[in-house]
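Student: Shown below is the structure under consideration.
Every number here is computed from the coordinates shown, using simple stated rules; none is lab data. The structure displayed is predicted, hence computed values, not measured ones. Ideal geometry is used to build each Cβ from the backbone, glycine not excepted, and the neighbour counts take in all protein chains shown.
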Amino acid sequence: MSAVIKPGGAAAREQAIRALLAEVADPEIPVLSIVDLGIVRHVRFEADGRLHVGITPTYSGCPATEVIRTAVRTALDAAGLADAVLEEVLSPPWTSEWLTSAAHAKLEACGIAPPQEPVSSPRRLWNAPLVPCPRCGSRTTERVSEFGSTPCKAHYRCSACREPFDYFKCL
Amino acid sequence: MSARSRTPSERDPAQQAAHFRYVLRLADTSLVLGQRLGEWVGHAPALEEDLGLANFALDLIGQARLLLTYAGELEGRGRDEDALAFLRDPPDFANLTLAEQPNGDFGHTIVRQWLIDAWQLEIYAGLLRSADSRLGAIAAKALKETRYHHRFSSGWLIRLGDGTAESHERVQAGLDSLWRFTAELFAADEVDERMQAAGIAPALMELAPRWSARIDEDLQAATLQRPPAQPYPWHGRRGVHTEHLGHMLAEMQHLQRTYPGVRW
């Protein structure tokens, strides 16, 4: 994470910075990076010659937001980009559909069921989605609580292997 | 942090004052309701409900922070979100009177939450088309969370109302006691009218029947009786509060008032 970004074309540097940010872990689900989560909205050198990085919060009140800002700032400082501008982007609002496919695989591997349905699904409003157990794959699971250990997760239990697990909610 | 949206308000002081006031009202309702929900942490009937109420408190306080920061910029006197949240007295708060009412029992809290969730659903949906793009962006974010909140509060309202004799009685009592504060929800004053004329705010008059229909639908499923209209308008949004707000703020603001400028 301490590699200084070498001078070069803006596109190459922006790509190097994205790779750098892909190393910044989400403080609450550390198997995911902030790039996996889809919260890095832009990385670009603007006319003022400075790097601008746009970050969007997942939930308005997510307590991880400030920790993430600090982590991004630290990573950019270490890369020699102390004058980078961090911007909060609210529009369009974050959706769990921005999780990368790598994020889905990483969640599953650590026992958290990834989001199951497109946000636009009308079923989502009324029914708990069918969430396969991330441990044994069984499709007979039940929702214990719509709220879990962080704002973005719900609490489920598998009826087959009896293990409790977290489900990353659709928002 | 994001680029400021330019609205006509910035050229007309009266318009700018109304704009500030409008955003402040939305912010204070979220802040005060969030603080009230926070009082449940560790006290809810079950762990899952404790988590749920704490999650809503977080969402609401997060929304309040975005709105207060914006309100501070519109005001232009250098007050940030902390100055607005922690260093104002009750008459300077502009929340709905309903939001500051004490928690009571779980049923009472659910009724308060459900009435305001249904109100915020209409307000935020209306603000999606606001001429003020920053307010529209905050509303779009908040609306997604409010849908979640309403699903929870209406779900509990129905479960309690259509539950046991005691749960029915308690939630009906909560409704009877809080209903008098609902006349304020859609009572437009000069601030609302100015904002509506500028295309910044939706017309409250048009939102009221939609709110009312949603309320009736949930009440019917919950087998609860809608209390008669009580036209006395409370004036929390104009800074005239019930005595409960002062007690709540005394606790919420204690640290910042005792140690001005304290930092973690």
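Student: As a check on your grasp of the helix formula, calculate [θ] at 222 nm for chain A: sum -39500 (n - 2.57) over DSSP H runs of n ≥ 4, divide by the residue count, round to the nearest 500.
Tutor: -7000 deg cm²/dmol
Student: Using Cβ contacts closer than 10 Å as the measure, can you line up B:Asp105, A:Asp26 from fewest to most?
Tutor: Sorted ascending by nearby Cβ count, the order is B:Asp105, A:Asp26.
Student: Further question on the same structure: Give me a comma-separated list of calculated 3J(HN,Hα) values for segment A:82-88, in order, Karplus coefficients 6.51, -1.76, 1.60 applied at θ = phi - 60°, integers in Hz, x for any Gly or Pro.
Tutor: So the Karplus estimates, Gly and Pro as x, are 5, 8, 4, 9, 8, 10, 8 Hz.
Student: Below 8 Å between Cα atoms, with a sequence gap of 6+, how large is the relative contact order for segment B:50-190 in percent?
Tutor: The value is 26 percent.
Student: With θ set to phi - 60° and the Karplus curve 6.51 cos²θ - 1.76 cosθ + 1.60, what are the ³J(HN,Hα) couplings of segment A:129-143 in order, to the nearest whole Hz, using x for Gly and Pro?
Tutor: Going residue by residue, I get x, 6, 10, x, 5, x, 8, 10, x, 4, 9, 9, 10, 9, 7 Hz, with x marking Gly and Pro.
Student: If you don't mind, there's one more thing I want to ask. Using the Karplus equation 6.51 cos²θ - 1.76 cosθ + 1.60 (θ = phi - 60°), what ³J(HN,Hα) coupling, rounded to whole Hz, does each residue of segment A:48-58 give in order, writing x for Gly and Pro?
Tutor: 6, x, 9, 7, 10, 10, x, 10, 10, x, 6
Student: Under the rule a/c < 1.5 gives rounded, and otherwise a/b versus b/c splits prolate from oblate, where does the protein assembly as shown land using the Cα gyration tensor?
Tutor: The shape class here is oblate.
Student: In what sequence do B:Val171, A:Val72 fall when counting other Cβ within 10 Å, fewest first?
Tutor: So the residues, fewest neighbours to most, are A:Val72, B:Val171.
Student: Can you list the residues, at least 5 places off or on another chain, whose amide H is less than 5 Å from the amide H of A:Val85, using H built in the peptide plane?
Tutor: Amide H neighbours of A:Val85: A:Leu51, A:His52, A:Val53.
Student: Once you order the gyration tensor axes a ≥ b ≥ c over the Cα atoms, which shape class does segment A:40-171 get: rounded for a/c under 1.5, otherwise prolate or oblate by comparing a/b with b/c?
Tutor: prolate
Student: Let me know the number of lysine pairs in the protein assembly as shown closer than 29 Å at the Cα, not counting same-chain pairs under 8 apart.
Tutor: 9
Student: Moving on to the next point. Taking the highest mean first, how do the peptides B:26-34, B:49-57 order by number of other beta carbon atoms within 10 angstrom per residue? The partial results should precede the final answer.
Tutor: On the way: B:26-34: 27.1, B:49-57: 21.1.
Ranking the peptides B:26-34, B:49-57 by packing returns B:26-34, B:49-57.
Student: Let me check against my output: what whole-number percent is the relative contact order of chain A, with C-alpha pairs under 8 Å and at least 6 apart?
Tutor: After rounding, I find 18 percent.
Student: Restricting attention to chain A, give the cysteines that have no other cysteine Cβ less than 4.7 angstrom from their Cβ.
Tutor: A:Cys62, A:Cys110, A:Cys152, A:Cys170
Student: Of A:Val53, A:Val43, how do they rank once you tally other Cβ atoms within 10 Å and put the fewest first?
Tutor: Fewest-to-most Cβ neighbours within 10 Å comes out as A:Val43, A:Val53.
Student: To the nearest 500 deg cm²/dmol, what mean residue ellipticity at 222 nm is calculated for chain B from DSSP H runs of n ≥ 4 alone, each contributing -39,500 (n - 2.57), summed and divided by the residues?
Tutor: Value at 222 nm, helices only: -21000 deg cm²/dmol.
Student: Okay, next question. Starting from the amide H of A:Arg41, placed 1.01 Å from N in the peptide plane, find each other amide H under 5 Å away whose residue is 5 or more places distant or on another chain.
Tutor: Answer set, sorted by chain and number: A:Gly54, A:Ile55, A:Thr56.
Student: Quick one: which residues, 5+ away or cross-chain, put their amide H under 5 Å from the amide H of A:Val144? H built at 1.01 Å from N.
Tutor: A:His155, A:Tyr156, A:Arg157
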